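A quick write-up on the structure given underneath.
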Amino acid sequence: MSGTGGQNENEDLSATYRFKVRFRLEPQTDVQLDPQSFETLLSKPASPPGEKDWLFFRDNLWRGEVNDEPHMRSRMETTLGVPIEKIRFRELRTTSSYLDTLKEAITEELDTPPTVFGNATNADNVLKKYLGSSIHVCPPN
């Protein structure tokens, strides 16, 4: 964030969690499919830091992997409406502005005990703990 007390209107505060998802189609008739399973890239918008669901990374990832694959598969089955065979976290694709704002929100959380990040000591440590090296900073759209 800028020192002017708010977000610069030119800043792109977008970020997306990206997952590789393998799903299958289960026809309700006697048709055959070949292949029956498909793999795709699922992109889920990241909530702005401090807003509802901004801690998605903490609740669902660990060291750059999905921390509870059955739970995440079930969640995505509900979202997509098809059975999910496998889901793998790929990256947090983000702008530098979003990443800076995320680090600020994490730092604020760390400064307010009890922290929701366990024994982490700084924002970089938190990001590595949950996202591993799976952060991809891209230029704004």
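Every number in this text was worked out from the coordinates using simple rules, so none of it is lab data. As the structure is a prediction and not an experimental result, all values here were calculated from the model. Backbone-built Cβ (ideal geometry, glycine too); neighbour counts: all protein chains shown.
Quick one: work out Rg over Rh on the C-alpha atoms of the chain, Rh as Kirkwood radius.
1.06
Across the chain, where is the longest run that never hits trypsin sites (Lys or Arg not before Pro) in a DSSP loop with at most 16 other C-beta atoms within 10 Å?
64-141
If the only charges are +1 at each Lys and Arg Cβ and -1 at each Asp and Glu Cβ, what is the size of the charge dipole of region 27-141 around the Cα centre, to the nearest 20 debye?
Using only the charged Cβ atoms, the result is roughly 180 debye.
If I fit a long axis through the Cα atoms of helix 69-80 and take the longest principal axis of the Cα atoms of the chain, what angle between them do I get, 0 to 90°, rounded to 10?
Approximately 80 degrees, to the nearest 10.
What distance in nm lies between label points placed 7 Å from Cα along the C-beta direction at Glu26 and Leu80?
For the pair Glu26/Leu80, the computed spacing is 1.4 nm.
What 222 nm value per residue comes from the helices of the chain, counting each DSSP H run with n ≥ 4 as -39,500 (n - 2.57) and dividing by all residues, nearest 500 deg cm²/dmol?
About -8500 deg cm²/dmol.
Provide the net charge surrounding Glu26, with neighbours chosen by a C-beta distance below 12 Å and charges set as Lys +1, Arg +1, Asp -1, Glu -1.
-1
Out of Asn125, Ala15, Pro113, whose Cα points farthest toward the positive end of the dipole of the chain (charges: +1 Lys, Arg; -1 Asp, Glu; placed on Cβ)?
Asn125
Between Asp34 and Arg88, what FRET efficiency follows from the Cβ-Cβ distance if R0 is 25 Å, with the result rounded to 0.05?
The formula returns an efficiency of 0.55 here.
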